[in-house]
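Throughout, read-outs are computed from the coordinates displayed, never taken from laboratory work. The structure presented is a predicted model; accordingly, all values stated were derived computationally and were not measured. No Cβ is skipped: glycine too gets one built from the backbone with ideal geometry, and neighbour counts run over all protein chains shown.
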Amino acid sequence: MKDEQVTLRLPRELARQLARRARELGEPKSHVVREALQTYLAAPSAPKPGESWERVKHMVGSLTFDDTAIERDAIARQIRDHNWRE
């Protein structure tokens, strides 16, 4: 099986950092890039926009406080004061 070749452009400073790291490790730049890419792709991906909402939307509106309960609860008051939308 033949390896694929990828050509890319790097900003000058990033290319300098890559060359410096390759020298430090005594490895070719391509090896450093492959390892960095493998590490990056193995990490969990960031949630997509709206994905977080999908996970919690069933809970929206599940808690209610009446005005007297909010006045008795300091945390509930703080949430109301900072997040309440009229």
- Whole-angstrom Cα spans of the range 12-83 along principal axes, big to small: 69, 24, 19
- Message: At 0.36 nm per residue, and after removing the present C-alpha to C-alpha distance, how many nm does the segment from ALA22 to THR64 gain when stretched out fully?
- Response: 9.3 nm
- For GLU27, residues with placed amide H under 5 Å, excluding near neighbours: none
- Once phi for every residue in the range 7-23 is put through the Karplus expression 6.51 cos²θ - 1.76 cosθ + 1.60 (θ = phi - 60°), the whole-Hz ³J(HN,Hα) values, with Gly and Pro written as x, are 10, 9, 9, 10, x, 3, 5, 5, 5, 5, 4, 4, 4, 4, 5, 4, 4
- Query: For the chain, with only Lys/Arg (+1) and Asp/Glu (-1) charged at the beta-carbon, what is the dipole magnitude about the Cα centre, in debye rounded to 20?
  - Reply: 720 debye
